[in-house]
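Note sheet for the following structure.
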Amino acid sequence: MSSQEIHILDDYSFDSPPFVIAANDPTGTPDFPPEEGSGDDFQPFNLEYRDFQINPLPQQPLELFQLFVPISLVQSWVRYTEDWAFFCADNGVKDSWNTPLSDHSRLHDWEGISAATAYVWLGILIYLGIHREISLEDHWKAPSLGDQRPLHPFTKFMPLRKFELITRYFRTFDHTNLDVSDERDLPKTFQAAEEWSNHIQRVSIKLYLPGTNLTVDECMVPFTGRSKETTLVKGKPTPVGFKIWVIAQQGYFLQWLWHVKASPVVPAIVKLEIPKLYGKKGKLQTEIPLSNTQSVVVHLLKRLSTPTHHVFTDNLFSSPQLFRLLRQLGYGATGTARPNCGITAAMKQIKETGKLPDGKPLLYNKVYLIPTKDK
């Protein structure tokens with residue numbers, strides 16, 4: 001098997017939980033039979049609408065940028081990078097795969113890095129993501145007679161060879177602290193980004209107070225390098241990369257969770273108002289565990305400091321059990337639903353046949369169902 005393992009998924013693959021399920025884990029792929037009975041006393045859940053608020057921002061763009069990338073954080077990156085470069089040199093290797101260091105290795109040209117140089121390198125990295133050229137080297141090529149091309153001004157701050165050398169050894173983490181000895185630990189790939197990721201999330205919810213309506217969805221972070229955590233999702237605008245679970249508003253990411261194979265995320269439990277019979281012996285069931293995928297919605301909402309919200313989801317998450325729990329916690333919810341998510345038998349028949357019995361929405365105790373055509 002190659003060093004890069006890509007998990008091939010399609011839209012239907014998301015039926016399964018995002019994490020490995022233990023043998024004694026009561027959750028699993030959301031596949032619930034339809035509810036035969038339903039109430040007729042609809043009780044709407046009214047939430048007072050409030051708009052989002054943005055706290056006062058710094059006057060200068062650089063100061064705003066440094067809220068997300070503070071000097072103290074960059075200084076720690078400088079230490080991590082220096083430690084990694086000297087570790088490789090002292091051990092006669094040039095990378096984490098223990099490739100022997102040759103006499104012609106660029107590591108011999110390492111001159112150290114400062115916080116100012118790190119900011120320049122990061123600025124160039126952002127610039128390269130905006131101004132695309134055919135190859136990396138083309139950004140450093142100057143126009144000449146018969147060869148008209150743009151002149152990128154950042155080249156006067158850092159030569160190509162130095163940029164490539166820093167890129168190879170730059171570290172945002174302490175390489176001595178990565179640990180996967182416990183199966184509950186995050187994979188090394190995400191441990192390496194966790195410190196900065198947590199900082200960005202803290203700043204994000206400090207600057208932005210979300211309004212009532214939020215959404216939870218899965219997103220892709222583009223990445224085509226070598227990593228066992230890379231996921232391939234066919235049919236998506238960004239098919240290859242790291243998948244994350246996000247709660248957002250107006251395109252602004254508030255909080256997120258890594259999509260990993262094993263996680264300490266505890267499945268949420270729904271307490272049933274009316275116990276149900278289950279099993280061959282007809283035991284009374286007083287609570288239902290959600291799948292890990294559905295539990296993501298609950299965990300992301302609980303990360304916010306604002307009291308209550310109306311969350312919108314797609315049919316990857318939606319189920320009567322999830323919406324019941326959200327209502328118990330004081331959250332409203334709206335979402336599309338799959339026939340196997342536990343919706344009522346009448347709604348399941350409508351989705352499968354495309355025919356509405358009497359042309360009206362279906363109103364139950366605390367659920368308002370609107371049949372719509374879906375692709």
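What follows draws every value from the coordinates through simple rules; no lab data is involved. Just so it is clear, the model here is predicted, and its values are computed rather than measured. Neighbour counts run over all protein chains shown; Cβ positions are idealised from the backbone, glycine included.
Relative to the Cα centre, what is the charge dipole magnitude of the stretch 61-169, using +1 at the beta carbon of each Lys and Arg, -1 at the beta carbon of each Asp and Glu, and rounding to the nearest 20 debye? Can you show the working numbers first?
Values: 10 positive and 13 negative charges, 48 e Å.
In total the dipole reaches around 240 debye.
Loop only by DSSP, 15 or fewer other Cβ within 10 Å of the Cβ. Give me the GluC sites (Glu not before Pro) in the stretch 126-228 that pass, ordered by residue number. Mind dumping the intermediate values first?
Working: sites: E133, E137, E164, E183, E194, E195, E218; in loops: E133, E183.
In loop regions of the stretch 126-228 (DSSP not H, G, I, E or B), the sparsely surrounded GluC sites (Glu not before Pro) are E133, E183.
Calculate, for R168 and N198, the FRET efficiency according to 1/(1 + (r/R0)^6) with r their C-beta to C-beta distance and R0 22 Å; round to the nearest 0.05. Walk me through the intermediate numbers first.
Numbers: r = 26 Å, r/R0 = 1.16.
Efficiency for this residue pair is about 0.30.
Order by neighbour count: F87, F317, fewest other Cβ atoms within 10 Å first, most last. Walk me through the numbers on the way to the answer.
On the way: F87 14, F317 29.
Lowest count first: F87, F317.
Order these by the 10 Å Cβ neighbour count, fewest first: C219, C341.
Details: C219 16, C341 25.
Fewest-to-most ranking of C219, C341: C219, C341.
Using label points projected 7 Å from each Cα along Cα→Cβ, tell me how many nm separate Q148 and D103, to one decimal.
Placing both labels 7 Å beyond Cα along the Cβ direction yields 4.8 nm.
Relative contact order, percent, of the stretch 61-169 when contacts are C-alpha pairs under 8 Å separated by at least 6 residues? Please report the intermediate quantities before stating the final value.
Values: 58 pairs, mean separation 26.5, N = 109.
Relative contact order comes out at 24 percent.
Once the piece of chain linking S114 and F87 is laid out straight, how much longer is it, given 0.36 nm per residue of separation minus the C-alpha distance between them?
Numbers: separation 27, 0.36 × 27 = 9.72 nm, distance 1.77 nm.
Full extension from S114 to F87 adds 7.9 nm.
For Y119, Y127, Y331, what's the fewest-to-most ordering of other Cβ within 10 Å of each Cβ?
Details: Y119 16, Y127 13, Y331 21.
Lowest to highest Cβ neighbour count: Y127, Y119, Y331.
List the trypsin sites (Lys or Arg not before Pro) within the stretch 81-151 that fall in a DSSP loop (any state other than H, G, I, E or B) and whose Cβ has at most 13 other Cβ atoms within 10 Å.
Numbers: sites: K94, R106, R132, K141; in loops: K94, R132, K141.
Sites meeting the loop and neighbour criteria: R132.
I want the local charge near Q249. Using Cβ-Cβ distances under 14 Å, sum +1 for each Lys or Arg and -1 for each Asp or Glu among the other residues. Each step should come with its number before you reach the end.
Working: positive: R50, R303; negative: D51, D217.
In short, 0.
Residues with beta-carbon under 13 Å from that of C219, excluding C219: net charge, scoring Lys, Arg +1 and Asp, Glu -1?
Numbers: positive: K236, K243; negative: D217, E218, D314.
Residues close to C219 contribute a combined charge of -1.
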